[in-house]
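The structure under discussion appears below in the form of structure tokens.
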Amino acid sequence: MGKDDAAKAYGNGGETASGDPGSGWRTRAVTVAGRRMRVITVGALVLLLVLIGGAVGVYAYDSAHKDQIADGVKVGTVDVGGLNREQAAHRIRRHLVAPLHQPVKVKLGSERYELPADHLKIRADVNGMVDEAVAASQSWGVPGRVFRDLTSGSVDQTVQPQVSYSRHAVHRFVVHVTKKINREPQDATINSRDHWQRVMQGHAGANMMPVIASNRIGREQGESCAITFYGSSFIAGPRGEKIAEAGEAGETVLTASFDLEEMRVERAAWGFFRDRRPELYTELLTLDGGGVPQA
């Protein structure tokens, strides 16, 4: 085989028609590099399209769930996680607002007091509470929210209930109940026996008339308190002196005799009836001292 035949068979042995022995190899290298660049460019474009598609998908997913409340979000004690706006509003009205529309009841022993629900004027901003719950769910940003949802994450945030009521109505109710049940403090060590007897004796002496002062015995237990009665019933004479007296325990029958004529003479000597002013009694029976007596 001659040189020319060999050149034809093996592509000129790296020699071009121009006579440059290395130009063929350079042409092949440029061709390979061009192909690689096209592959890289196509790969980059494909990757870019994938990224763009993923971003569009992420934003589309987030947009589709923009009204979805994240798991772990509560309004007061009401769990609204995983609900949409309508579902959350329904649950808040049922479990948070509805129980508030009940009367306020106070019980003390056998006494009961009630403040009607309509007097409280309960107002609840349900839409505002739902808005805050949704806002708490949107706090992570788009990528964070999507990742949280796909991994079953939670927010664990509590929204304060937006509820108002009539403070004036509550104040009036409290004042009313206070007036009904409030009592002056009592010293359990005080025994009023002697004082009570002296007062009764004073009535007898002031009117020059016998007085029969009776008192209970034993202990009475109420629903909220108990009281022990000290007995000591007695009969006082017209000068206030004790004529007969019972003990502090046990039932007793007391009797006494008085001379009515003797008491009349003694009263007359003291001048009690002589100094009376019955014409003034009518005025004393009126509320202001200057009108018709009040029944």
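The values are calculated or read from the model by the stated rules, or taken from the named source; none is laboratory data. Quick caveat: nothing in here was measured; it's all calculated off a predicted structure. Heads up, the Cβs are rebuilt from the backbone with ideal geometry, glycines too, and the neighbour counts pull from every protein chain shown.
Points worth noting:
- For first residues located in segment 273-295 and closer than 26 Å to G205 by Cα, partners that are of a type in the set (A, V, I, L, M, F, W, C) and at pLDDT 75 or above and lie 6+ apart or on another chain with Cβ distances below 9 Å form the pairs R274/A268.
- Any hit, segment 254-273, residues being surrounded by fewer than 10 Cβ atoms within 10 Å (Cβ to Cβ), over 60 Å from the mean Cα position of the chain (by Cα), in a loop (DSSP other than H, G, I, E, B) and of a type outside the set (S, T, N, Q): yes
- Test: residue in segment 84-103 that is farther than 30 Å from R172 by Cβ and either assigned to a loop (DSSP other than H, G, I, E, B) or at pLDDT below 85 (or both): yes
- Hits in segment 77-103 (condition: among the hydrophobic types (A, V, I, L, M, F, W, C) and out of contact with any helix residue (DSSP H, G or I) (no Cβ under 7 Å at 6 or more places or on another chain)): L96, A98, L100
- Of I181, I122, all but one fail to be more than 20 Å from N84 (Cβ to Cβ), among the aliphatic types (A, V, I, L, M) and at pLDDT 80 or above; the exception is I122.
- Filter result (closer than 17 Å to D259 by Cβ and crowded, with 19+ Cβ neighbours inside 10 Å) within segment 197-209: A204, M208
- In the condition set (1) under 18 Å from the mean Cα position of the chain (by Cα); (2) modelled with pLDDT under 85, S110 is compliant with all but (1).
- For segment 231-253, taking the residues that are of a type in the set (D, E) and more than 14 Å from M209 (Cβ to Cβ), the one that is surrounded by the fewest Cβ atoms within 10 Å (Cβ to Cβ) is identified as E251.
- The condition of being more than 58 Å from the chain's Cα centre (by Cα) and more than 30 Å from R112 (Cβ to Cβ) holds for only one of G250, G237, G202, G231, that being G237.
- Residue match in segment 179-193 (condition: in contact with a helix residue (DSSP H, G or I) (Cβ under 8 Å, 6 or more places away or on another chain), on the phi < 0 side of the Ramachandran plot and not assigned by TED's automatic domain parsing to the domain that holds A269): no
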